[in-house]
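*Asks:* Below: one structure in structure tokens.
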Amino acid sequence: MGSEARACRPARQGFVRRLIVSVIAILSAGVAAVADEAAYCLQPRPDAEPELLQTVFPGLDAGTATDRAGWIWTGASRTGDQWQSGLLLNPVSGAVSVMPALYRRPCASSTSVARACRVALSQFSETLGVAYLGGHRANAAGQPAPGAFVLFGDRILELPSDDGATTRYLGDLPGFGMMVFAMPDARPLVYDGSRFTALDAGTGTEPLRPWRLINDPAGGRAFIASTEGGAPGRGPSFLLEIREGPRLSPVTLDPRIEGAFTLASLDDGQAWIIARSGIYAEKASGFERVAHLTGGRLIRDRQDLGATVGGEIALAITDAGGRIDRHAITRDVDGCAVPLSLGGDRPLP
């Protein structure tokens, strides 16, 4: 009898240990769930004045852009305050290059002199000190004649163009030390100060659908995002993260994300997507919806999104009558108005 009792004791002890481990796991999961439930908030911010997350690059006249890149116009013709075709001189290296006048839209030569065509605006990259000039050359028939140039160091390089479009400059990624362009076939192109690299979007021979650049400085990340996904006949929304290499890495999106959306991170690194009718949080499996709007209310266009001074993510909700309510996603605070759980999908009151 005693030997049988001794034989049963290890089995009972193993059962007790497994029971204790299970109880601890259940309690830990409960604590994590409670912590998750209270981790984030949607707080009213009626007086918030959000700053745009995306850097807006103001248009410059060609003379200003080239001056800032270290080049000067010489022997150029001029109509009023607008530069026309002429020579560019680099006073440091002595390099000289012919630069055509570029217009915002196709332009006939006979009307360009009369200023009926608007001269294209240029841009300057503060990150790399590069000037970008893009638009259409004038011609006799006023047909599309796209062209784009970058001025860096003592070099001027013409970027790829086709019959109807040219390479467009979309902005800088200061954290990566790169400029980002969209080529005529919509392929992303980046320049890091030493070389241009075309990024593979994984679409094979199919052109990449319309996209825009998203810079997430709080999260130290950058993305290429669709601008019209989810609508009938336009395919699903997509999100590609720009990684070291550089290369593009696809990010899984909730299929309910429609149209243009904004991505931003809080200071703890948690990334959020704000779309027209919902709020989505990044998880290990991708972005999933954690809150949605009802009753015809919508999150206003992305220009109202940004990071407030306190590191919150600001957004504006509008109802069918046009009333606008401003809110912010933030870390949980005392008196949280609307808790946001990463494990749920709640209607917003």
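The values are calculated or read from the model by the stated rules, or taken from the named source; none is laboratory data. From a predicted model like this one, the values you see are computed outputs, not experimental measurements. Because the Cβ atoms are built from the backbone with ideal geometry, glycine has one as well, and the counts that use them run over all protein chains shown.
*Asks:* Taking the residues in the stretch 241-274 that are among the hydrophobic types (A, V, I, L, M, F, W, C), in contact with a Gly (Cβ under 9 Å, 6 or more places away or on another chain) and within 15 Å of Gly220 (Cα to Cα) as candidates, determine which candidate is surrounded by the most Cβ atoms within 10 Å (Cβ to Cβ).
*Replies:* This residue is Leu263.
*Asks:* Just one of the numbered conditions (1) at pLDDT 85 or above; (2) farther than 30 Å from Pro349 by Cα; (3) crowded, with 18+ Cβ neighbours inside 10 Å is not true of Tyr40; which one?
*Replies:* Going through the list (1) at pLDDT 85 or above; (2) farther than 30 Å from Pro349 by Cα; (3) crowded, with 18+ Cβ neighbours inside 10 Å, Tyr40 breaks only (2).
*Asks:* Continuing with this model, one more query. Output the residues belonging to the stretch 249-303 that are aliphatic (A, V, I, L, M), in contact (Cβ under 8 Å) with a residue 60 or more places away in the chain and part of a loop (DSSP other than H, G, I, E, B).
*Replies:* Leu266, the sole residue that qualifies.
*Asks:* Just to verify a result, which residue in the stretch 195-211, among those that are of a type outside the set (A, V, I, L, M, F, W, C) and modelled with pLDDT under 90, is nearest to Asp163 (Cα to Cα)?
*Replies:* Of everything passing the filter in the stretch 195-211, Pro207 is nearest to Asp163 (Cα to Cα).
*Asks:* Kindly indicate whether any position in the stretch 310-318 is surrounded by fewer than 16 Cβ atoms within 10 Å (Cβ to Cβ), under 21 Å from the mean Cα position of the chain (by Cα), β-branched (Val, Ile, Thr) and closer than 30 Å to Met179 by Cα.
*Replies:* No: the stretch 310-318 contains no residue that is surrounded by fewer than 16 Cβ atoms within 10 Å (Cβ to Cβ), under 21 Å from the mean Cα position of the chain (by Cα), β-branched (Val, Ile, Thr) and closer than 30 Å to Met179 by Cα.
*Asks:* Report yes if some residue within the stretch 177-186 is in contact with a His (Cβ under 7 Å, 6 or more places away or on another chain) and either of a type in the set (Ser, Thr, Tyr) or outside any loop (DSSP other than H, G, I, E, B) (or both); otherwise report no.
*Replies:* no
*Asks:* Would you pick out the residues in the stretch 156-172 that are modelled with pLDDT of 90 or more and either within 17 Å of Arg243 (Cβ to Cβ) or not small (Gly, Ala, Ser) (or both)?
*Replies:* Of everything in the stretch 156-172, those that are modelled with pLDDT of 90 or more and either within 17 Å of Arg243 (Cβ to Cβ) or not small (Gly, Ala, Ser) (or both) turn out to be Ile156, Leu157, Glu158, Leu159, Pro160, Thr166, Thr167, Arg168, Tyr169, Leu170, Asp172.
*Asks:* Next question, about the same structure. Name the single residue that is surrounded by the most Cβ atoms within 10 Å (Cβ to Cβ) among those in the stretch 333-347 being assigned to a loop (DSSP other than H, G, I, E, B) and touching a residue at least 24 places away in the same chain (Cβ under 8 Å).
*Replies:* Looking at the filtered set, the residue picked out is Ser341.
*Asks:* With respect to Glu241, is the statement that it is closer than 18 Å to Ala186 by Cβ and acidic (Asp, Glu) true?
*Replies:* Yes, satisfied.
*Asks:* Next question, about the same structure. Return yes or no: is Ala260 at negative phi and touching a Leu at 6+ places or on another chain (Cβ under 7 Å)?
*Replies:* no
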